[in-house]
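The values are calculated or read from the model by the stated rules, or taken from the named source; none is laboratory data. Computed from a predicted model, the values in this text were never measured in an experiment. So basically every Cβ, Gly included, is an ideal-geometry build from the backbone, and we count neighbours across all protein chains shown. Note: accessible area is taken over every heavy atom of the protein model, side chains too, but ligands, DNA and RNA are not part of it. Shrake-Rupley method; radii C 1.70, N 1.55, O 1.52, S 1.80 Å.
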Amino acid sequence: MTDQTTVEPVRGTRGANDPGPRNLTVDLQNPDLLLPPNTDNGSLPNLKFPFSLAHNRLEDGGWAREVTVRDFPASKSMAGVNMRLGPGVVRELHWHKEAEWAYILDGTARLTVVDAEGNLSIDDLNPGDMWLVPAGVPHAIQGMEDGTEFLLVFDDGNFSENETLLITEYLAHTPPEVLAKNFGVGSAHFANIPKSEKYIFRQPVPPPLDVVRGQLPHKPPRDPYVLLASKIEPERYSGGTVKTIDSRVFPMTTLSALVIEIEPGGMREMHWHPDADEWQYYIEGQARMTVFDATNKARTFDFMPGDVGFVPKTLGHYIENTGKVPVRVVNVFNSRFCTDVSLNQWMALTPPDLIRGHLGLDRTVMNALRQTSQPVVR
Ligand code: MN
Ligand code: MN
């Protein structure tokens, strides 16, 4: 989207104006749908879904919304949740069938994890920090003094935040005499447990980390469930920066990520991922992406902060900054390692006669090819 106040589906002699009815606000945010590049062709599924179009679940002191395969059919392999917890507000102790990857967007979140070996992990995480909670491992999240907002990505598009296994529901659906036997106390002690989920609810802001850790055994997991990724320096390129967070720096993780910043005028270069789908969350700026599929399909999408994008495994794409401020976007992959094939590098490392024979490129283009990868160009 630019500063334009209107957009018409007209290019030269092709198209015609749109006298309405129309939703101009949506058209202005999606100029490449209304007025696609001439190179777009054929049918690709929708690969964009804004969190703004997701149902928001308001709870006591927080909210949560999700983009899953129900709303976004192309995103079969991953689902996303955007959650806000006010100061002290808790996302209930729970677990789920899927692995959970997280990225903190605002404030400070306290994550508490206990695993099958009895290791425990209690950490405060700030914007840019990450966690990975494996499937089945129980955990809770709490907002600290300023509250928190974060992004969660699950490794199954069919995940739902509303269908996790909750500690309240587990106890509520176990016969009281079984609870009594399990904990070795009388069943009357369970008379006041909640009859249904608490999910998101207010608690006092907890004491500092060292105080809370001091109340429990010191038994951290061998490989941490959290990564203070905000402290990792990104790689710098001519058009921006890239932070690569995969299992080489975060051994626990089963989902890998790129945190990309693209300067105005810059672009994440044309590439594809041979072994993973890409789930995108736009944090800042305005961007567009064209996705290419066999043999002649291409579709272009525009993105704003809070939008989700998806690129199926092996399909070609770029991300271009179309605005005046940097684009910040997180890419999450359903693989342990970030890998991509750069179109430019592929061509540079192929015998030049073979490339010229295919594309008839002149000397200027051939000389400009780069044998080393340059993920963000300008
Ligand atoms: Mn969870
Ligand atoms: Mn990509």
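Does residue 70 fit the bill of being of a type in the set (Lys, Arg), closer than 25 Å to residue 134 by Cα and either in the same structural domain as residue 292 (by TED's automatic domain parsing) or within 16 Å of ligand 1 (Cβ to nearest atom) (or both)? For residue 70, the condition - of a type in the set (Lys, Arg), closer than 25 Å to residue 134 by Cα and either in the same structural domain as residue 292 (by TED's automatic domain parsing) or within 16 Å of ligand 1 (Cβ to nearest atom) (or both) - is not met. How about the stretch 98-129: which of its residues are within 18 Å of the chain's Cα centre (by Cα) and assigned to a loop (DSSP other than H, G, I, E, B)? Result: 98, 99, 126, 127, 128, 129. Here 131, 95 are screened, and the one residue that is assigned by TED's automatic domain parsing to the domain that holds residue 214, open to solvent by less than 10 Å² (accessible area, probe 1.4 Å) and within 10 Å of ligand 1 (Cβ to nearest atom) is 131. One residue stands out in the stretch 140-153 among those that are under 22 Å from residue 119 (Cβ atoms) and buried (at least 20 other Cβ atoms within 10 Å of the Cβ): the one that is nearest to ligand 2 (Cβ to nearest atom), namely 152.
Pairs meeting the criteria (first residue in the stretch 246-272 and away from ligand 2 (no atom under 16 Å from the Cβ), second residue among the small types (Gly, Ala, Ser) and open to solvent by 10 Å² or more (accessible area, probe 1.4 Å), beta carbons under 8 Å, at least 6 apart or on different chains) are 253/247; 254/247; 264/323.
Tell me which strands (runs of 3 or more DSSP E) are completely within the stretch 272-320 and hold 3 or more residues being away from ligand 1 (no atom under 16 Å from the Cβ) and aliphatic (A, V, I, L, M), or say none if there are none.
Fully inside the stretch 272-320 and qualifying: 287-293.
Within the stretch 350-378, the set of residues being free of Cβ contacts under 8 Å to residues at least 60 places away in the same chain, surrounded by 13 or more Cβ atoms within 10 Å (Cβ to Cβ) and aliphatic (A, V, I, L, M) comprises 355, 361, 365, 366, 369. Pairing residues of the stretch 123-142 that are closer than 8 Å to residue 226 by Cα with residues that are within 16 Å of ligand 2 (Cβ to nearest atom), at Cβ distances under 8 Å and at least 6 apart in sequence or on separate chains, gives 130/245; 130/257; 132/255. Residues that are buried (at least 17 other Cβ atoms within 10 Å of the Cβ), in a loop (DSSP other than H, G, I, E, B) and either away from ligand 1 (no atom under 11 Å from the Cβ) or of a type in the set (Val, Ile, Thr) (or both) within the stretch 154-175 comprise 155, 156, 157, 164, listed in sequence order.
So in the stretch 321-338, with the set limited to residues that are closer than 26 Å to residue 155 by Cβ and part of a loop (DSSP other than H, G, I, E, B), which one is nearest to ligand 1 (Cβ to nearest atom)?
Taking the stretch 321-338 first, the residues closer than 26 Å to residue 155 by Cβ are 327-338.
The next check asks that each one be part of a loop (DSSP other than H, G, I, E, B); those that pass are 334-338.
Details: 334: 17, 335: 21, 336: 20, 337: 24, 338: 23 Å.
Looking at the filtered set, the residue picked out is 334.
Checking the stretch 17-30 against the condition returns no match, with no residue being open to solvent by less than 30 Å² (accessible area, probe 1.4 Å) and either of a type in the set (Ser, Thr, Tyr) or assigned by TED's automatic domain parsing to the domain that holds residue 287 (or both). Comparison of 207, 220 shows that the only residue that is free of Cβ contacts under 8 Å to residues at least 12 places away in the same chain, under 16 Å from residue 112 (Cα atoms) and surrounded by fewer than 16 Cβ atoms within 10 Å (Cβ to Cβ) is 207.
Per-residue answers, yes or no, for (1) open to solvent by 10 Å² or more (accessible area, probe 1.4 Å); (2) closer than 29 Å to residue 25 by Cβ; (3) assigned by TED's automatic domain parsing to the domain that holds residue 156:
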{"position": "276", "(1), (2), (3)": "no, no, no"}
{"position": "287", "(1), (2), (3)": "no, yes, no"}
{"position": "292", "(1), (2), (3)": "yes, yes, no"}
{"position": "299", "(1), (2), (3)": "yes, yes, no"}
{"position": "302", "(1), (2), (3)": "no, yes, no"}
{"position": "314", "(1), (2), (3)": "yes, no, no"}
{"position": "323", "(1), (2), (3)": "yes, yes, no"}
{"position": "332", "(1), (2), (3)": "no, yes, no"}
{"position": "336", "(1), (2), (3)": "yes, no, no"}
